[in-house]
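Accompanying notes for the structure given below.
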Amino acid sequence: MTSQYFSPEGLEKLKEEYTRRTEQLRGEIAARIKEAKEQGDLSENAEYAEAKEAQSLNEGRIEDLRVILGNAVVFGSPAAGGVVHIGSRLTVQTGKETREFIVVGAAEADPANGKISNESPLGAAFLGHKKGDKVSVLAPKGSVEYKILEVK
């Protein structure tokens, strides 16, 4: 698996989820399974089946998190020189519209809130450019040109 990029805050959220699932949710599910077993016949016990399903989903997510955390790369402040990197905050202009973006790793992308993935066409197009550069991005409606006004 390739590296996944995270902000320090995004990585902390994943670590918190991992801890919650391993230290809290595992125990809660185990208690549900134990309680369901005590009810007798497991072949017709809906509570037991639901608890086992919850256990399977939780363990699957724990394994996913273990792999993600093992391959996580934390990005901090962008490098000096005003070049767009993962973690950069940029202000761009397209036509008369000015927009702000933060380039993040794919796992943290939230385009509706201005967080664009470094792997998306838009995010990838900005990488390596600096203030004053014009960047063209192929969009469903055709090519869109952005002028980078500021990089932080």
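The values are calculated or read from the model by the stated rules, or taken from the named source; none is laboratory data. Model, not experiment: these values are computed from the prediction. Glycine also receives a Cβ, built like all others from the backbone with ideal geometry; neighbour counts cover every protein chain displayed.
Exactly one of (1) within 30 Å of Ala139 (Cα to Cα); (2) outside any helix (DSSP H, G or I); (3) small (Gly, Ala, Ser) is unmet by Gly10. Its number?
It fails just one condition, (2).
If you check Gly81, Gly105, which single one turns out to be out of contact with any strand residue (DSSP E or B) (no Cβ under 6 Å at 6 or more places or on another chain) and at pLDDT below 95?
On the way: Gly105 fails: out of contact with any strand residue (DSSP E or B) (no Cβ under 6 Å at 6 or more places or on another chain).
Step by step, each of Gly81, Gly105 is checked, and only Gly81 is out of contact with any strand residue (DSSP E or B) (no Cβ under 6 Å at 6 or more places or on another chain) and at pLDDT below 95.
State all residues of the range 110-151 that are basic (Lys, Arg) and closer than 18 Å to Lys96 by Cβ; if no residue qualifies, say none. Break it down into steps so the answer makes sense when it comes.
Step one: filter the range 110-151 for residues basic (Lys, Arg), giving 115, 130-131, 134, 141, 147.
Matches in the range 110-151: Lys134, Lys141, Lys147.
When Lys34 is evaluated against the numbered criteria (1) within 22 Å of Glu9 (Cα to Cα); (2) among the charged types (D, E, K, R); (3) loosely packed, with under 12 Cβ neighbours inside 10 Å; (4) at pLDDT below 95, which criterion, by number, is the only one it fails?
(1)
Using the structure shown, decide if Arg26 is assigned to a helix (DSSP H, G or I) and within 17 Å of Ala107 (Cβ to Cβ). Outline the logic, then answer.
Numbers: assigned to a helix (DSSP H, G or I): yes; within 17 Å of Ala107 (Cβ to Cβ): no.
Considered against the rule, which asks whether it is assigned to a helix (DSSP H, G or I) and within 17 Å of Ala107 (Cβ to Cβ), Arg26 comes out as no.
Just name the residue that is surrounded by the most Cβ atoms within 10 Å (Cβ to Cβ) out of those in the range 126-152 that are free of Cβ contacts under 8 Å to residues at least 24 places away in the same chain and hydroxyl-bearing (Ser, Thr, Tyr).
Result: Ser136.
Yes/no per residue for (1) aliphatic (A, V, I, L, M); (2) in contact with a Pro (Cβ under 6 Å, 6 or more places away or on another chain); (3) without any contact (Cβ under 8 Å) to a residue 60 or more places away in the chain:
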site: Pro8; (1), (2), (3): no, no, no
site: Ala36; (1), (2), (3): yes, no, yes
site: Glu53; (1), (2), (3): no, no, yes
site: Leu65; (1), (2), (3): yes, no, yes
site: Gly87; (1), (2), (3): no, yes, no
site: Gln93; (1), (2), (3): no, no, yes
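Which residues, taken from the range 126-152, are of a type in the set (D, E, K, R) and either in contact with a helix residue (DSSP H, G or I) (Cβ under 8 Å, 6 or more places away or on another chain) or part of a loop (DSSP other than H, G, I, E, B) (or both)?
Our first condition is that a residue be of a type in the set (D, E, K, R); within the range 126-152, this holds for 130-131, 133-134, 141, 145, 147, 150, 152.
Scanning the range 126-152 gives Lys131, Asp133, Lys141, Lys152.
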